[in-house]
Amino acid sequence: MATTNPVPRFPDGFLWGVSTSAHQIEGAADEREASVWDVFTAEPGRILDGSTAEVACDHVHRHTEDVALLAGLGVDAYRFSVSWPRVRARGGLDFYDRLVDDLCAAGVRPVPTLFHWDLPAGLDWRERDTAERFAAYVAEVAGRLGDRVTKWITLNEPAEHTLLGHALGIHAPGLRLLFDALPVAHHQLLAHGLAVRALRASGARDIGIANSHGPVWPASQEAADVEAAGFYDLLLNRLFADPLLLGSYPDGLGELMSGDVTADLEIIAEPLDWYGINYYAPTRVGAPQGTEIDFGGVRMPAELPFSVREITGPQVTDFGWPVVPEALTEILTTFRDRYGDRLPPVVVTENGCSYEGVDDPERIAYLDGHIRALHRALEAGVDVRGYFVWSLMDNFEWAEGYARRFGLVHVDFDTLERTPKASYAWYRELLREQRG
Ligand code: BGC
């Protein structure tokens, strides 16, 4: 284990947690409406192992056991997502009502994400009114849970949902629109801004978003590679952070959105109480190579103005993602330098890795390295207030089905038995040490 040297102490009040999402763990698909993910999953060849999320971890029926696992772990907070298709079903909010009660009783702070990719089937982010419908749903959830929930997340990773779901067609809804997917990004950002207003109108405070960010490294110092990497950085990082933090789209991209977005930008830039960053790995990018390449299972079309290259050297996870803890320090200091006072306090809302096995020294090493890297960002003056491991338990990993395991708790998908891994015990110990 990589823990002989104790992790440095984080400030008092630092929020330690774990994350999950509704579609990935809940199951009980017949007790909710369908989502775009149900439709996508039913199409042949979409999911690596041919599986579905109909049962997943059966969390809806086993949430008591899962809350006990959270309490046993000793986390301060639990980030889960509310399924919009479940809220639309009769009595759908009852489940979240009970879950929030149980979490509060167990001394674990509930931190709901209001959208984690499971859009109700029939809705479409290409349509502007999806943003307004989202705000109405958010108001309903806040009305029901707002007396106990004191920290909120609007959206999870609109970047991935746009890129993987609408530009490249690897995630639901399976569209391959390339740059015509940009309005999907805009409508999600608008949905975020409207949701912030709806939450505040209902009296909610402490509102953030969970955006995926990471350093983009040029494949070489050749001008063409540097330019391609800069463009990719624009798409992954600035397209989703600039409008929220600066109230504008980065150069050139605003024009590609549908219509005049000036008034929308004012809504999108509604001040945030904190900014969530999901970090997994950096990306190395070079000039286009003229051929379609396979990158970690993602087919990158030849016509894109960049190509994603392999990062050689560091260890990789079972997913093939390089393990580069320093890049977490780098993205946090980059954000602080780029946005200065406009950046509110930061929370790392997801960080984790996929490895097999209940004895998982690689996961321990990954988390240990990243938590130390987070501490270095703190020492460098970044105002980081929390850290959430992805994920509490193994779950339905989107297009990879059950083939990738990110959990601190192992789930046997035949029996649904939960078994805490070595990393669960390690994280519990870390939290104990942090509290002195
Ligand atoms: C998503 C999670 C996902 C994780 C690992 C993040 O992009 O928010 O839902 O399971 O990465 O791929």
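The values are calculated or read from the model by the stated rules, or taken from the named source; none is laboratory data. Keep in mind it's a predicted model, so treat the numbers as computed, not measured. Cβ placement follows ideal geometry from the backbone for every residue including glycine, while neighbour counts extend to all protein chains displayed. Quick note on the areas: whole protein, heavy atoms, side chains included, nothing else; ligands and nucleic acids left out. Shrake-Rupley method; radii C 1.70, N 1.55, O 1.52, S 1.80 Å.
Within segment 220-249, can you find the residues that are of a type in the set (A, V, I, L, M) and touching a strand residue (DSSP E or B) at 6+ places or on another chain (Cβ under 8 Å)? Break it down stepwise before answering.
Residues of segment 220-249 of a type in the set (A, V, I, L, M): 223-224, 226, 228-229, 234-236, 239, 241, 244-246.
Result: 224, 226, 228, 229, 236, 241, 244, 245.
Yes or no: segment 358-367 includes at least one residue that is open to solvent by 10 Å² or more (accessible area, probe 1.4 Å), in contact (Cβ under 8 Å) with a residue 60 or more places away in the chain and either under 24 Å from residue 63 (Cα atoms) or in contact with a helix residue (DSSP H, G or I) (Cβ under 6 Å, 6 or more places away or on another chain) (or both). Yes, that holds for at least one residue.
The residues of segment 192-219 that are among the small types (Gly, Ala, Ser) and touching a strand residue (DSSP E or B) at 6+ places or on another chain (Cβ under 7 Å), listed by number, are 195, 204, 208, 210, 212, 214, 219.
In segment 420-436, the residues that are in contact (Cβ under 8 Å) with a residue 24 or more places away in the chain form Cβ pairs under 6 Å with partners that are charged (D, E, K, R), at six or more places apart or across chains, as follows: 421/360; 422/359; 422/360; 423/360; 423/363. If you filter segment 228-283 down to residues that are acidic (Asp, Glu) and within 20 Å of the chain's Cα centre (by Cα), you find that the one that is nearest to the ligand (Cβ to nearest atom) is 233. Figure legend. Inter-residue proximity from segment 56-82: first residues touching a residue at least 60 places away in the same chain (Cβ under 8 Å) and assigned to a helix (DSSP H, G or I), second residues among the aromatic types (Phe, Trp, Tyr) and open to solvent by less than 10 Å² (accessible area, probe 1.4 Å), beta-carbon distance below 6 Å, spacing 6+ or different chains. Indicated pairs: 70/78. I need a count of the residues in segment 125-154 that are closer than 22 Å to residue 94 by Cβ, of a type in the set (Asp, Glu) and not in a loop (DSSP other than H, G, I, E, B). The number of residues fulfilling the criteria is 1.
Out of curiosity, is residue 433 within 16 Å of the ligand (Cβ to nearest atom), of a type in the set (Asp, Glu) and not in a loop (DSSP other than H, G, I, E, B)? It is false that residue 433 is within 16 Å of the ligand (Cβ to nearest atom), of a type in the set (Asp, Glu) and not in a loop (DSSP other than H, G, I, E, B). For beta carbons closer than 9 Å, sequence separation of 6+ or different chains, a first residue in segment 376-394 that is within 22 Å of residue 73 (Cβ to Cβ) and a second that is more than 16 Å from the ligand (Cβ to nearest atom) and among the small types (Gly, Ala, Ser), the qualifying pairs are 384/377; 385/13; 386/77; 388/77. Answer with yes or no whether residue 106 is small (Gly, Ala, Ser) and closer than 15 Å to residue 148 by Cβ. Yes.
A residue that is open to solvent by less than 20 Å² (accessible area, probe 1.4 Å) and more than 16 Å from the ligand (Cβ to nearest atom) can be found somewhere in segment 169-180. Any residue at all in segment 27-40 that is within 16 Å of the ligand (Cβ to nearest atom), in contact with a Gly (Cβ under 9 Å, 6 or more places away or on another chain), closer than 20 Å to residue 413 by Cβ and open to solvent by less than 70 Å² (accessible area, probe 1.4 Å)? Yes, some residue in segment 27-40 is within 16 Å of the ligand (Cβ to nearest atom), in contact with a Gly (Cβ under 9 Å, 6 or more places away or on another chain), closer than 20 Å to residue 413 by Cβ and open to solvent by less than 70 Å² (accessible area, probe 1.4 Å).
Just checking, how many residues over segment 262-281 are closer than 14 Å to residue 192 by Cβ and not small (Gly, Ala, Ser)? Walk me through how you get there before you give the answer.
If we filter segment 262-281 for residues that are closer than 14 Å to residue 192 by Cβ, which is where we start, we get 264-276.
This time we only want the ones that are not small (Gly, Ala, Ser), so: 264-268, 270-275.
Qualifying residue count, segment 262-281: 11.
The residues on offer are 329, 419, 333, and the sole one that is within 19 Å of residue 211 (Cβ to Cβ), surrounded by fewer than 20 Cβ atoms within 10 Å (Cβ to Cβ) and among the β-branched types (Val, Ile, Thr) is 333. Only residues that are under 30 Å from residue 198 (Cβ atoms) and surrounded by fewer than 20 Cβ atoms within 10 Å (Cβ to Cβ) were counted across segment 208-237, and they come to 1.
Of all residues in segment 83-107, which are modelled with pLDDT of 95 or more, open to solvent by 10 Å² or more (accessible area, probe 1.4 Å) and in a loop (DSSP other than H, G, I, E, B)? Those that are modelled with pLDDT of 95 or more, open to solvent by 10 Å² or more (accessible area, probe 1.4 Å) and in a loop (DSSP other than H, G, I, E, B): 89, 106, 107.
Could you please give the count of residues in segment 89-99 that are over 19 Å from residue 74 (Cβ atoms) and touching a residue at least 12 places away in the same chain (Cβ under 8 Å)? Spell out how you get there, then give the answer.
Keep residues of segment 89-99 that are over 19 Å from residue 74 (Cβ atoms), which gives 89-98.
Then drop every residue that is not touching a residue at least 12 places away in the same chain (Cβ under 8 Å), which leaves 89, 92-93, 95-98.
Residues flagged as over 19 Å from residue 74 (Cβ atoms) and touching a residue at least 12 places away in the same chain (Cβ under 8 Å) within segment 89-99 amount to 7.
Among the residues of segment 103-145, write down those that are in contact with an Asp or Glu (Cβ under 8 Å, 6 or more places away or on another chain) and among the β-branched types (Val, Ile, Thr). Within segment 103-145, 108, 130 meet the criteria. If you go through segment 383-402 and pick out every residue that is open to solvent by 10 Å² or more (accessible area, probe 1.4 Å), of a type in the set (D, E, K, R) and within 12 Å of the ligand (Cβ to nearest atom), you end up with 2. Within segment 108-124, does at least one residue satisfy the condition of being assigned to a helix (DSSP H, G or I) and surrounded by fewer than 20 Cβ atoms within 10 Å (Cβ to Cβ)? No, segment 108-124 contains no residue that is assigned to a helix (DSSP H, G or I) and surrounded by fewer than 20 Cβ atoms within 10 Å (Cβ to Cβ).
From the list 372, 405, the lone residue that is more than 14 Å from the ligand (Cβ to nearest atom), open to solvent by 10 Å² or more (accessible area, probe 1.4 Å) and either touching a residue at least 40 places away in the same chain (Cβ under 8 Å) or under 21 Å from the mean Cα position of the chain (by Cα) (or both) is 372. Looking only at residues in segment 299-325 that are open to solvent by less than 20 Å² (accessible area, probe 1.4 Å) and either of a type in the set (Val, Ile, Thr) or within 17 Å of residue 390 (Cα to Cα) (or both), the one that is modelled with the lowest pLDDT is 308.
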